[in-house]
Amino acid sequence: MNALIVLDVHARDVVGTLFKEGVSDVGAFEWIMQLRYYWENEDCYVKCIQTNFPYGYEYLGNTLRLVITPLTDKCYMTLMGALTLNLGGAPAGPAGTGKTESTKDLAKALAK
């Protein structure tokens with residue numbers, strides 16, 4: 001239940017921001033910067049900015065999800081871009097700031 005609440009609160013915040021900014025175009029940066037799921041050609045895809053990954057369908061259990069902040073969104077955008085280029089990502093920063101947890105949460109979002 002915790003994971004569902006965390007994701008719904010983030011979705012509420014995103015919709016509020018889109019409304020406040022007056023976003024009405026599906027190509028607007030405020031929309032495409034979000035981690036989005038699309039059903040295309042009988043398969044699910046995860047998109048963020050210009051990246052497009054097939055959903056992994058790997059069940060990872062009913063685990064807790066990280067609270068998604070604007071910094072988490074930026075981390076997701078950077079890591080998804082690196083994955084598109086077949087590169088890895090190594091977030092840097094002080095200890096205890098959630099670098100490892102953010103990376104693990106992105107893996108959960110991609111179901112990989």
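The values are calculated or read from the model by the stated rules, or taken from the named source; none is laboratory data. Worth saying up front: this structure is predicted, and the values here are computed from it rather than measured. Methodologically, a virtual Cβ is constructed for each residue, glycine included, from the backbone with ideal geometry; neighbour enumeration extends over all protein chains shown. Surface accessibility is based on the protein's heavy atoms, side chains included, excluding ligands, DNA and RNA. Shrake-Rupley method; radii C 1.70, N 1.55, O 1.52, S 1.80 Å.
Descriptive notes on the structure:
- Value of Rg to Rh for segment 64-112 (Rh from inverse mean 1/r over Cα pairs, i.e. Kirkwood): 0.94
- Cα-based Rg of the chain normalised by 2.2 N^0.38 Å, two decimals: 1.08
- Heavy-atom accessible area per residue - the chain, 1.4 Å, Å²: 68 Å²
- Residues whose placed amide H lies under 5 Å from that of residue 51, excluding near-sequence neighbours: none
- Amide H contacts of residue 44: 55, each under 5 Å away and 5 or more positions distant or on a separate chain (H built 1.01 Å from N in the peptide plane; Pro and chain starts excluded).
- Here's the picture: a label point sits 7 Å out from the Cα of residue 9 along the beta-carbon direction, and within segment 69-112 the residues with their amide nitrogen under 14 Å of it are 69-70.
- Carbon/sulfur fraction of accessible area - the chain, other protein chains in place, 1.4 Å, %: 62 percent
- Whole-number Å³ per residue for the convex hull built on Cα positions in segment 13-71: 122 Å³
- Per residue of the chain, the DSSP helices (runs of n ≥ 4 H) give a summed -39500 (n - 2.57) that works out to -14500 deg cm²/dmol at 222 nm.
- Highest mean packing comes first when the peptides 58-71, 98-111 are listed by Cβ atoms within 10 Å, giving 98-111, 58-71.
- Fully extended contour minus Cα-Cα distance, from residue 87 to residue 36, at 0.36 nm per residue: 16.2 nm
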